[in-house]
Amino acid sequence: MSTISAIEEVLRALSPAWFILRQTRMDVELAGQHIPANSMIMAWLASANHDAAQFPDPERFDIRREPNRHIAFGHGIHFCIGAPLARLETQVALPMVLAQLHDLQRVKEIPIGVHVSLVFMLDTLP
């Protein structure tokens, strides 16, 4: 297991951006639904990263998941320009934190507190 695969699974499971807003330029039909031109739509990246068609057993947190083609940082021309820096910072910081806090354990009986907004944030991590 590598630190990189663990980081990628965290990104998939708890994406830093949960949704993005886009505006249609023309009339669109999506899954049988008509969306008029100039409509605002909200695409849920967090939902896509839990799609069972893409990720077998998507609700299971698996740091050995391969392949892990999540879209936590977007995709295509809308891919986050800061993604490589965020990944690098985590690759440097995570081993340092784990080395300093070698007895770190999660309290499984207490749920992780998640603040739902445009950007993902943890409220509590027991």
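The values are calculated or read from the model by the stated rules, or taken from the named source; none is laboratory data. Note that the coordinates shown come from a computational prediction; the quantities given were computed from them, not determined experimentally. Neighbour counts are summed over all protein chains in view; Cβ atoms, including those assigned to glycine, are modelled from backbone coordinates with ideal geometry.
Listed by first and then second residue, the pairs with beta-carbon distance under 9 Å, at least 6 apart or on different chains, first residue in the range 36-47 and aromatic (Phe, Trp, Tyr), second modelled with pLDDT under 90, are TRP44/TRP18; TRP44/PHE19; TRP44/ILE20. Counting only strands (runs of 3 or more DSSP E) that fall entirely inside the range 10-119 and contain at least 2 residues that are out of contact with any helix residue (DSSP H, G or I) (no Cβ under 8 Å at 6 or more places or on another chain) and surrounded by 10 or more Cβ atoms within 10 Å (Cβ to Cβ), the qualifying elements are 40-44, 113-115.
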